[in-house]
Structures are given as structure tokens and as C-alpha cells.
Amino acid sequence: MPVHRWAEMTWEEVRDQDRAGSVAILPVGAVEAHGPHLPLGTDVIIAEAMARSCAELLSERGLTAFVLPPLWYTAAEFADTFPGTVGIDGRTVSDLIVQIATSLERHQITTLAIANAHLDPAHLGSLRAASAAAPAGTRIVFLDLTRRRVAERLTEEFRTGACHAGRFEGSVVLAEAPSLFRRDIAAELEPNPASLSSAIRDGHRTFEEAGGSRAYFGWPADATAEEGRETVKTLGILLADAVTTEGAE
């Protein structure tokens, strides 16, 4: 079945879909620095690919799935000092997601799944808050990629925690939007194995404090489109499984 892209449909096309038991998928990312080689919109590129992959799987499982227009702006405190980053208060994001879920419920869509590709701690907190505040009769599904049981399904670089604008994210951009990957710059970048997850546990609050003076971590020169395609497939499976499993985060 084709992916239903909400913004490309007419209202009558939405009306004529079987919406009872259907799922709306909201891609969520940030406009923030992703090294000198990836675009500011990297997170949204990944989130939209994840949403598409999830929608395709849900359709195969007999569910109607709609991919909503992405949410581009959210808390981005770690990248806040880098030109180009546009961050907003996380409470605004939580409120907006709850209001989206409320609006969808009026149209008989009671499950909102968040395809999230942005791992700033303040942002993750806003998504947890939104999930907990889901309106009565609705469900907001938030898959937290930082949870160990989820991260173990992803790439080796992702599991190290050194995965911002590195091989993990760069590979997805190569697969989804190769013209936006600055290959010549990436090829010259030295690996940065500093773990963001460890830095967060140690109380650091910016990329610079965490050891990323150029807003990248990991191994950007090793990115491949093949790995990106496999990562998108895995992200889709993880989110689809969360949607079909009660209580999954």
C-alpha cells in the first residue's frame, strides 16, 4: 500500500480513508549544527525516513498509517551556541504535540507515533512529557532511541554514544539526500570518539563541553548509503513495533 502523506492529501481523501484504528506518524527533529559536512536539517531528514519506513510496515500489518508534516523546531540546548541552530522551549513542544493529538482524535485517529531523530536531553524530556499527557482516549507513542534495549538494535557507532553527525547520521543522509552530504569535507574530518551519552551523564550541557568543538562526534568519513538504508529499515521496524505493542516507549 502507498504511504499516505497527510500534507499531500485532500480533505476528502482523508475523509474516505478507514481512520478507525489508524496511526498518524509525526517526524520530529531539530534545526541545529551537524558538523561542517551535514545540513542543519539532518534530524528531520532522518525522522522523515523513519516515519516513511514505519508507515510502510504498518500498512503491511493491515493498519492505515498517515505521515504528518514534520516538526522542525524543538529544544536544542547542546548546539545552541552554533550559528544556524534554532531552539525553542521544550514545554512549547510538549504542548504542541498534545494539541496535535487532540486535533487528530476529533478525526477518529487516536494513535500518534513520534518518529524522533533528535537526542538532546531537553528535547527527549519534552517528548516524554507529551507522551504522559496524552488526551483521554488517545495514545502518544514515543520510542526513545537512547534506551539500551533500543540502542542495541542500532549501529556500533550509535551504541558508543559518539553518534552526532558521525557515521550513523551521515549514512542516512547519504541514503536519503546525498546532494546535501559534503563528501569532500567529511573525508577530511578526523574521528571524534568522544561519547555524548557519557558527557551527558557527567553533567556537560554543550557540544563544546562534550568534546565536539565542530559539532560532530563519531566517524563521519566512514558513512555509506548502504548503512543508511539499513538504518532506516531498522528505525522503521522499531517504531512500528512500538506502535503495535501496548505501553512501549
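The values are calculated or read from the model by the stated rules, or taken from the named source; none is laboratory data. Predicted model, so just to flag it, every value in this text is computed and none were measured. Neighbour counts run over all protein chains shown; Cβ positions are idealised from the backbone, glycine included.
Only residues that are farther than 24 Å from F217 by Cα and not small (G, A, S) were counted across the stretch 72-97, and they come to 7.
May I ask you to list the residues in the stretch 136-150 that are out of contact with any strand residue (DSSP E or B) (no Cβ under 6 Å at 6 or more places or on another chain) and either in a loop (DSSP other than H, G, I, E, B) or within 19 Å of P27 (Cβ to Cβ) (or both)? Result: A136, G137, T138, L143, D144, L145, T146, R147, V150.
Here's the yes/no breakdown for (1) touching an Asp or Glu at 6+ places or on another chain (Cβ under 7 Å); (2) surrounded by 15 or more Cβ atoms within 10 Å (Cβ to Cβ); (3) closer than 29 Å to T206 by Cα; (4) at pLDDT 95 or above:
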| site | (1), (2), (3), (4) |
| --- | --- |
| A79 | yes, yes, yes, yes |
| V86 | no, no, yes, yes |
| R91 | no, no, yes, yes |
| I97 | no, yes, yes, yes |
| I100 | no, yes, no, yes |
| S103 | no, no, no, yes |
| I114 | no, yes, yes, yes |
| L119 | no, yes, yes, yes |
| L124 | yes, yes, yes, yes |
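Within the stretch 174-208, the residues that satisfy the criterion of being within 18 Å of T160 (Cβ to Cβ) and free of Cβ contacts under 8 Å to residues at least 40 places away in the same chain are E190, P191, N192, P193, A194, S195, S198, A199, R201, D202, H204. If you go through the stretch 94-109 and keep only what is under 10 Å from T138 (Cα atoms) and out of contact with any strand residue (DSSP E or B) (no Cβ under 8 Å at 6 or more places or on another chain), you end up with T102, E105, Q108. Consider the stretch 175-194 and keep the residues that are of a type in the set (D, E, K, R) and closer than 24 Å to R229 by Cβ. The one that is surrounded by the fewest Cβ atoms within 10 Å (Cβ to Cβ) is D184. Residues that are among the charged types (D, E, K, R) and more than 21 Å from R214 (Cβ to Cβ) within the stretch 148-200 comprise R148, R149, E152, R153, E156, R159, E176, listed in sequence order. Of the residues I114, I97, the single one that is closer than 17 Å to E48 by Cα, part of a helix (DSSP H, G or I) and touching a residue at least 60 places away in the same chain (Cβ under 8 Å) is I97.
In summary, R15 fulfils each of the numbered conditions (1) without any contact (Cβ under 8 Å) to a residue 40 or more places away in the chain; (2) touching a Leu at 6+ places or on another chain (Cβ under 6 Å) with the single exception of condition (2). Here the condition is being at pLDDT 95 or above, under 25 Å from A177 (Cβ atoms), among the aliphatic types (A, V, I, L, M) and part of a loop (DSSP other than H, G, I, E, B); of L40, L26, it holds for L40 alone.
In the stretch 195-204, is there at least one residue being surrounded by 15 or more Cβ atoms within 10 Å (Cβ to Cβ) and touching a Ser or Thr at 6+ places or on another chain (Cβ under 8 Å)? Please lay out each step first, then the result.
Looking only at the stretch 195-204, we keep the residues that are surrounded by 15 or more Cβ atoms within 10 Å (Cβ to Cβ), and these are 195-197, 199-200, 204.
Among the residues that remain, those that are also touching a Ser or Thr at 6+ places or on another chain (Cβ under 8 Å) are: 195, 197.
Yes - at least one qualifying residue is present in the stretch 195-204.
Assess whether F82 counts as being over 17 Å from the mean Cα position of the chain (by Cα) and either of a type in the set (A, V, I, L, M, F, W, C) or closer than 23 Å to S126 by Cβ (or both). For F82, the condition - over 17 Å from the mean Cα position of the chain (by Cα) and either of a type in the set (A, V, I, L, M, F, W, C) or closer than 23 Å to S126 by Cβ (or both) - is met.
Return the residue satisfying two criteria in turn: it lies in the stretch 33-62 and is of a type outside the set (G, A, S) and free of Cβ contacts under 8 Å to residues at least 60 places away in the same chain, and of such residues it is surrounded by the fewest Cβ atoms within 10 Å (Cβ to Cβ).
In this case the residue turns out to be E60.
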